[in-house]
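The values are calculated or read from the model by the stated rules, or taken from the named source; none is laboratory data. Since the structure is predicted, the reported quantities are computational estimates derived from the model, not experimental observations. In this analysis, Cβ positions are derived from the backbone assuming ideal geometry, glycine residues included, and neighbour counts consider all displayed protein chains. We work out accessible area using only protein heavy atoms, side chains counted, and drop any ligands, DNA or RNA first. Shrake-Rupley method; radii C 1.70, N 1.55, O 1.52, S 1.80 Å.
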Amino acid sequence: MVKQLPGMFAVALPGASVGYLPDWLRAPDAEAAFDALMSEVPFSQHRVRMFGRELPAPRLSAWIGDPGAAYRYSRVRHEPLPWTPTLQALRERLQEDLGCAFNSVLVNRYRSGADSMGWHADDEAELGAEPVIASVSLGATRSMRFRSRTPNPIRQSLALEHGSLLLMAGQTQALYQHAVDKTRAPVAERINLTFRLIGPVSGERLADAAQPDRT
């Protein structure tokens, strides 16, 4: 069970478990983490398959984790790169604060308002039925949108600030999708870290798991 952090408030999404803490990292610590990650992380631009074509993803990314914590998304299997000092320190703090384990992190770098993340849910088989996703935002504030997977979707938007922590657990991924839209407004760079726990996947579960494209 995930610990409740002082100052974290619940995001109004019926049936989901989403909490937001705007100042999980103090401003100086958030600045130091952002600067360190810009130099430590070997970002690359992976490709996604859309409508029979391979296209460059509209952001830079890196998959970091323990040995064996491979992850399949956008129909591509990603083998983990080694932990950097800053990512390891953030993982240890999250595990202490939340009382749960993480063995991997997806690092996304949004270079400008032209970079984005399409609608998706973190519901891959490797994450289990009710994954705990701890999302740390550094740099420019960007808005994450949520929509329910219903005929008349419930919609919600949340501005993710520098140094903030967004926690998604329970039925959140089963019931909702989320996205970060492009914006024409001038916006500086942003780094987002989504810490996860990758588990073993049976052949049957992997075959049954939907693997949507993410753009």
With just the Cα atoms of the stretch 83-197, tell me how far they stretch along each of the three principal axes, in Å, largest first.
-> 35, 34, 20
The stretch 25-77: which trypsin sites (Lys or Arg not before Pro) are DSSP loop and have at most 14 other beta-carbon atoms within 10 angstrom?
-> Arg26, Arg75
Cβ-based charge dipole, the stretch 104-195, positive-most Cα from Leu158, Ala185, Ser148 | Ala185
Hey, how much of the P(r) for the stretch 1-97 falls beyond 18 Å, as a percent of Cα pairs?
-> 64
Net length gained if the chain between Ala114 and Glu54 were fully extended (0.36 nm per residue, minus Cα distance) | 19.7 nm
So, relative contact order of the stretch 118-203 in percent, Cα under 8 Å, 6 or more apart, is 45
So for the pair Cys100, Asp181, with labels modelled 7 Å out along Cα→Cβ, what separation do we get in nm?
-> 2.9
Considering only protein heavy atoms and a 1.4 Å probe, what is the carbon-and-sulfur percentage of the accessible area of the chain?
-> 54
Å² per residue, accessible surface of the stretch 24-73 at 1.4 Å | 51
Could you let me know the centre-to-centre spacing of the stretch 1-38 and the stretch 119-163, using Cα atoms, in angstrom?
-> 13
So what is the calculated 222 nm ellipticity per residue for the chain, using -39500 (n - 2.57) for each DSSP H run with n of 4 or more, over all residues, to the nearest 500 deg cm²/dmol?
-> -5000 deg cm²/dmol
Which three lengths, in whole Å and largest first, does the stretch 43-132 cover when its Cα atoms are put on their principal axes?
-> 42, 30, 23
Which of (i) -0.78, -0.86, -0.91, -1.09; (ii) -0.72, -1.00, -1.17, -1.58; (iii) -0.78, -0.98, -1.08, -1.28 gives log10 I(q)/I(0) by the Debye sum over Cα atoms at q = 0.13, 0.15, 0.16, 0.18 Å⁻¹ as computed here? It is (ii)
Heavy atoms of Asp35 accessible to a 1.4 Å probe, total area in Å² rounded to 10 = 100
Those residues of the stretch 94-124 whose amide nitrogen sits under 14 Å from the label point placed on Arg26, 7 Å along Cα→Cβ | none
